[in-house]
Amino acid sequence: MTAIDLNADLGEGFGRWRLTDDDQLLSVVTSANVACGFHAGDAATMRRVCERAAERGVTIGAQVSYRDLAGFGRRAMDVPPVELAAEVAYQIGALEVFARAAGARVAYVKPHGALYNRVVHDEEQARAVIEGVRLADASLPVLGLPGSRFLELAAEAGLPAVTEAFADRAYTDEGTLVPRGHEGAVVTDPDDVVERSVSLARSGAVLAHSGARIQVRARSLCLHGDTPGAVGLARRVRERLVAAGVRVEAFA
(Lines give C-alpha, C1' and ligand atoms only; values in the text may rest on other atoms or scores of the structure.)
Protein backbone atom coordinates (compact mmCIF):
# COMPACT_ATOMS: atom_id res chain seq x y z
CA MET A 1 0.00 0.00 0.00
CA THR A 2 1.25 3.50 -0.87
CA ALA A 3 2.14 5.60 2.19
CA ILE A 4 2.25 9.38 2.48
CA ASP A 5 2.98 11.78 5.32
CA LEU A 6 0.86 14.92 5.70
CA ASN A 7 2.78 17.90 7.05
CA ALA A 8 1.69 21.45 7.81
CA ASP A 9 3.46 24.64 8.89
CA LEU A 10 2.27 25.35 12.43
CA GLY A 11 2.99 27.74 15.27
CA GLU A 12 3.13 30.64 12.83
CA GLY A 13 1.97 33.24 15.30
CA PHE A 14 3.72 35.80 17.46
CA GLY A 15 2.49 37.24 20.75
CA ARG A 16 -1.27 37.83 20.47
CA TRP A 17 -1.28 37.31 16.70
CA ARG A 18 -2.08 33.83 15.36
CA LEU A 19 -2.06 32.74 11.74
CA THR A 20 -2.83 29.02 11.73
CA ASP A 21 -5.48 26.94 13.51
CA ASP A 22 -2.90 24.71 15.12
CA ASP A 23 -5.22 22.63 17.29
CA GLN A 24 -7.54 21.70 14.43
CA LEU A 25 -4.74 20.98 11.96
CA LEU A 26 -3.02 18.74 14.51
CA SER A 27 -6.08 16.48 14.34
CA VAL A 28 -5.42 15.93 10.61
CA VAL A 29 -1.69 16.00 9.86
CA THR A 30 0.93 13.44 10.81
CA SER A 31 3.89 15.85 10.98
CA ALA A 32 4.06 19.42 12.30
CA ASN A 33 6.61 21.88 10.91
CA VAL A 34 6.88 24.18 13.91
CA ALA A 35 8.11 27.75 13.37
CA CYS A 36 11.19 28.37 15.51
CA GLY A 37 10.99 32.13 16.05
CA PHE A 38 12.88 33.47 13.03
CA HIS A 39 10.03 33.87 10.51
CA ALA A 40 7.20 33.36 13.02
CA GLY A 41 6.60 31.77 16.38
CA ASP A 42 7.74 32.63 19.87
CA ALA A 43 8.64 30.65 22.99
CA ALA A 44 5.08 30.33 24.30
CA THR A 45 3.73 29.34 20.89
CA MET A 46 6.48 26.77 20.34
CA ARG A 47 5.80 25.23 23.74
CA ARG A 48 2.04 25.08 23.16
CA VAL A 49 2.30 23.48 19.73
CA CYS A 50 4.82 20.91 20.93
CA GLU A 51 2.53 19.96 23.81
CA ARG A 52 -0.50 19.61 21.53
CA ALA A 53 1.47 17.64 18.95
CA ALA A 54 2.84 15.25 21.57
CA GLU A 55 -0.64 14.69 23.01
CA ARG A 56 -1.94 13.68 19.58
CA GLY A 57 1.02 11.63 18.46
CA VAL A 58 2.01 14.07 15.71
CA THR A 59 5.69 14.09 14.76
CA ILE A 60 7.47 17.39 15.52
CA GLY A 61 9.77 19.01 12.97
CA ALA A 62 11.77 22.24 13.16
CA GLN A 63 10.91 24.73 10.44
CA VAL A 64 14.03 26.86 10.17
CA SER A 65 14.22 30.17 8.35
CA TYR A 66 16.18 33.28 7.63
CA ARG A 67 15.89 35.81 10.47
CA ASP A 68 12.97 37.72 8.92
CA LEU A 69 9.93 38.22 11.15
CA ALA A 70 8.79 41.29 9.21
CA GLY A 71 8.83 39.47 5.89
CA PHE A 72 7.57 36.13 7.23
CA GLY A 73 10.77 34.53 5.98
CA ARG A 74 9.76 34.98 2.36
CA ARG A 75 12.30 37.66 1.41
CA ALA A 76 15.58 36.75 -0.27
CA MET A 77 18.51 37.36 2.06
CA ASP A 78 22.27 36.91 1.80
CA VAL A 79 23.46 35.40 5.06
CA PRO A 80 27.10 34.34 5.49
CA PRO A 81 27.29 30.52 5.64
CA VAL A 82 28.90 30.41 9.09
CA GLU A 83 26.16 32.64 10.47
CA LEU A 84 23.39 30.70 8.73
CA ALA A 85 24.66 27.36 10.03
CA ALA A 86 24.73 28.71 13.59
CA GLU A 87 21.22 30.17 13.27
CA VAL A 88 19.82 26.89 11.93
CA ALA A 89 21.33 24.99 14.86
CA TYR A 90 20.02 27.65 17.26
CA GLN A 91 16.46 27.28 15.98
CA ILE A 92 16.52 23.48 16.20
CA GLY A 93 17.93 23.64 19.72
CA ALA A 94 15.25 26.06 20.89
CA LEU A 95 12.44 23.83 19.62
CA GLU A 96 14.09 20.70 21.04
CA VAL A 97 13.76 22.12 24.57
CA PHE A 98 9.99 22.37 24.23
CA ALA A 99 9.63 19.08 22.36
CA ARG A 100 11.50 17.19 25.10
CA ALA A 101 9.52 18.96 27.82
CA ALA A 102 6.38 17.63 26.11
CA GLY A 103 7.77 14.09 26.11
CA ALA A 104 8.71 14.11 22.42
CA ARG A 105 11.67 15.23 20.30
CA VAL A 106 12.47 17.16 17.15
CA ALA A 107 12.38 14.41 14.52
CA TYR A 108 13.26 16.29 11.31
CA VAL A 109 14.08 19.70 9.84
CA LYS A 110 12.44 21.65 7.02
CA PRO A 111 13.60 25.04 5.70
CA HIS A 112 10.92 27.69 5.26
CA GLY A 113 10.02 30.18 2.56
CA ALA A 114 12.91 31.95 0.87
CA LEU A 115 15.44 29.62 2.46
CA TYR A 116 13.54 26.55 1.19
CA ASN A 117 13.60 27.89 -2.36
CA ARG A 118 17.19 29.16 -2.14
CA VAL A 119 18.70 25.81 -1.20
CA VAL A 120 17.13 24.10 -4.21
CA HIS A 121 19.96 25.49 -6.35
CA ASP A 122 22.34 27.46 -4.08
CA GLU A 123 25.00 24.98 -2.96
CA GLU A 124 26.66 27.34 -0.48
CA GLN A 125 23.44 28.08 1.39
CA ALA A 126 22.39 24.42 1.21
CA ARG A 127 25.68 23.33 2.77
CA ALA A 128 25.24 25.91 5.53
CA VAL A 129 21.78 24.58 6.42
CA ILE A 130 23.12 21.03 6.44
CA GLU A 131 26.00 22.08 8.69
CA GLY A 132 23.49 23.66 11.07
CA VAL A 133 21.40 20.50 11.18
CA ARG A 134 24.49 18.39 11.86
CA LEU A 135 25.54 20.76 14.66
CA ALA A 136 22.18 20.17 16.33
CA ASP A 137 21.82 16.45 15.61
CA ALA A 138 23.62 14.59 12.82
CA SER A 139 20.87 11.94 12.67
CA LEU A 140 18.00 14.29 11.81
CA PRO A 141 16.19 13.81 8.47
CA VAL A 142 15.69 16.89 6.29
CA LEU A 143 12.62 17.61 4.20
CA GLY A 144 12.94 19.26 0.79
CA LEU A 145 12.12 19.43 -2.90
CA PRO A 146 12.84 16.36 -5.04
CA GLY A 147 15.95 16.84 -7.19
CA SER A 148 17.20 19.78 -5.12
CA ARG A 149 20.87 20.32 -4.35
CA PHE A 150 19.84 20.51 -0.70
CA LEU A 151 18.66 16.90 -0.59
CA GLU A 152 21.58 15.68 -2.72
CA LEU A 153 24.11 17.31 -0.40
CA ALA A 154 22.23 16.17 2.71
CA ALA A 155 22.40 12.56 1.55
CA GLU A 156 26.13 12.95 0.84
CA ALA A 157 26.56 14.28 4.39
CA GLY A 158 24.77 11.26 5.87
CA LEU A 159 21.46 12.94 6.68
CA PRO A 160 18.27 11.10 5.70
CA ALA A 161 16.85 13.09 2.76
CA VAL A 162 13.05 13.08 2.50
CA THR A 163 11.19 14.37 -0.56
CA GLU A 164 8.17 16.65 -0.31
CA ALA A 165 5.38 17.77 -2.64
CA PHE A 166 2.82 20.59 -2.58
CA ALA A 167 -0.73 20.02 -3.77
CA ASP A 168 -1.65 23.72 -3.54
CA ARG A 169 1.41 25.16 -5.28
CA ALA A 170 2.01 25.39 -9.03
CA TYR A 171 5.07 23.68 -10.47
CA THR A 172 7.36 24.62 -13.32
CA ASP A 173 8.16 22.04 -15.99
CA GLU A 174 11.48 21.49 -14.18
CA GLY A 175 9.72 20.44 -10.97
CA THR A 176 10.43 23.59 -8.96
CA LEU A 177 7.76 25.80 -7.40
CA VAL A 178 6.39 28.76 -9.32
CA PRO A 179 7.40 31.86 -7.27
CA ARG A 180 4.57 33.21 -5.12
CA GLY A 181 4.64 36.58 -6.84
CA HIS A 182 3.60 35.03 -10.17
CA GLU A 183 0.00 34.62 -11.24
CA GLY A 184 -1.33 31.14 -10.55
CA ALA A 185 1.49 30.24 -8.16
CA VAL A 186 -1.04 29.06 -5.56
CA VAL A 187 -3.75 26.54 -6.47
CA THR A 188 -6.93 27.86 -4.85
CA ASP A 189 -9.66 25.50 -6.09
CA PRO A 190 -10.29 22.96 -3.27
CA ASP A 191 -11.32 20.19 -5.68
CA ASP A 192 -8.10 20.66 -7.64
CA VAL A 193 -6.02 20.51 -4.46
CA VAL A 194 -7.71 17.27 -3.38
CA GLU A 195 -7.27 15.58 -6.74
CA ARG A 196 -3.65 16.76 -7.03
CA SER A 197 -2.99 15.29 -3.57
CA VAL A 198 -4.25 11.87 -4.62
CA SER A 199 -2.30 11.97 -7.88
CA LEU A 200 0.92 12.95 -6.11
CA ALA A 201 0.50 10.21 -3.51
CA ARG A 202 -0.47 7.40 -5.86
CA SER A 203 1.49 8.09 -9.04
CA GLY A 204 3.96 10.85 -8.16
CA ALA A 205 2.57 12.92 -11.01
CA VAL A 206 1.05 16.40 -11.19
CA LEU A 207 0.17 18.94 -13.86
CA ALA A 208 2.71 21.75 -14.08
CA HIS A 209 1.68 25.38 -14.56
CA SER A 210 2.16 24.93 -18.32
CA GLY A 211 -0.25 21.98 -18.39
CA ALA A 212 2.52 19.41 -18.85
CA ARG A 213 2.40 16.28 -16.70
CA ILE A 214 5.56 16.00 -14.59
CA GLN A 215 6.89 13.55 -12.01
CA VAL A 216 7.18 14.77 -8.41
CA ARG A 217 7.72 11.68 -6.28
CA ALA A 218 7.50 12.51 -2.60
CA ARG A 219 7.19 10.81 0.78
CA SER A 220 5.50 13.82 2.39
CA LEU A 221 2.74 16.15 1.24
CA CYS A 222 2.57 19.72 2.57
CA LEU A 223 -0.81 21.22 3.46
CA HIS A 224 -0.49 24.97 3.99
CA GLY A 225 -2.26 26.12 7.13
CA ASP A 226 -2.34 29.83 6.26
CA THR A 227 -4.88 29.57 3.41
CA PRO A 228 -8.62 30.25 3.83
CA GLY A 229 -10.50 27.10 4.85
CA ALA A 230 -7.24 25.26 5.51
CA VAL A 231 -8.63 22.90 8.16
CA GLY A 232 -11.63 21.78 6.10
CA LEU A 233 -9.43 21.30 3.04
CA ALA A 234 -6.88 19.29 5.02
CA ARG A 235 -9.63 16.98 6.26
CA ARG A 236 -10.91 16.50 2.70
CA VAL A 237 -7.43 15.66 1.47
CA ARG A 238 -6.87 13.06 4.19
CA GLU A 239 -10.28 11.47 3.72
CA ARG A 240 -9.80 11.26 -0.04
CA LEU A 241 -6.32 9.76 0.32
CA VAL A 242 -7.60 7.05 2.65
CA ALA A 243 -10.52 6.34 0.32
CA ALA A 244 -8.02 5.96 -2.54
CA GLY A 245 -6.11 3.29 -0.62
CA VAL A 246 -3.25 5.50 0.58
CA ARG A 247 -1.87 4.88 4.07
CA VAL A 248 -1.39 8.20 5.87
CA GLU A 249 1.54 8.04 8.29
CA ALA A 250 4.53 10.08 9.45
CA PHE A 251 7.88 9.48 7.76
CA ALA A 252 9.84 10.02 10.99
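Packing, as the average of other Cβ atoms within 10 Å across residues, places the peptides 33-42, 242-251 in the order 33-42, 242-251, highest first.
Report D for region 36-189 in µm² per second (integer): Stokes-Einstein, Kirkwood Rh on Cα pairs, 4 °C, 1.567 mPa s. Estimated diffusion coefficient is 82 µm²/s. Within the accessible surface of the chain, defined with a 1.4 Å probe on protein heavy atoms only, the carbon and sulfur portion equals 50 percent. Calculation over all alpha carbon pairs of region 85-145 in 10 angstrom steps from 0 returns a P(r) of 23, 54, 19, 3 percent. In this structure, the amide hydrogen of Leu10, modeled 1.01 Å from its nitrogen in the peptide plane, lies closer than 5 angstrom to those of Asn33, Val34, Ala35, counting only residues at least 5 positions away or on a different chain. The Rg/Rh ratio for region 104-252 is 0.96, where Rg is the radius of gyration of the alpha carbons and Rh is the Kirkwood radius. Per the Kirkwood formula applied to alpha carbons, region 33-98 shows a radius of gyration over Rh ratio, Rg over Rh, of 1.01. When the chain is treated as a GNM with alpha-carbon contacts under 10 Å, the residue of Ala208, Ala165, Ala234 showing the greatest mean-square fluctuation is Ala208. Measuring between their Cα centroids, region 100-159 and region 39-65 lie 18 Å from each other. For region 91-240, the solvent-accessible area works out to 43 Å² per residue, with a probe of 1.4 Å and every protein chain left in place. In sequence order, region 152-157 has phi-based couplings of 4, 5, 4, 4, 4, 7 Hz under the Karplus curve 6.51 cos²θ - 1.76 cosθ + 1.60, θ = phi - 60°, and Gly or Pro positions carry x. Placing a pseudo-label 7 Å from each Cα along the Cα-to-Cβ vector at Asp173 and Glu156 gives an inter-label distance of 2.8 nm. Counting Lys and Arg as +1 and Asp and Glu as -1 over every other residue whose Cβ lies under 11 Å from the Cβ of Leu95, the net charge comes to +2.
Of the trypsin sites (Lys or Arg not before Pro) found in region 200-237, the ones in coil according to DSSP and having at most 14 other Cβ atoms within 10 Å of their Cβ are Arg217. Modelled spin labels at Gln215 and Arg240, positioned 7 Å past Cα toward Cβ, are 2.4 nm from each other.
The values are calculated or read from the model by the stated rules, or taken from the named source; none is laboratory data. All of these numbers come straight from a predicted model, not from anything done at the bench. Heads up, the Cβs are rebuilt from the backbone with ideal geometry, glycines too, and the neighbour counts pull from every protein chain shown. Accessible surface is based on the protein model in full, side chains and every heavy atom, while ligands, DNA and RNA are left aside. Shrake-Rupley method; radii C 1.70, N 1.55, O 1.52, S 1.80 Å.
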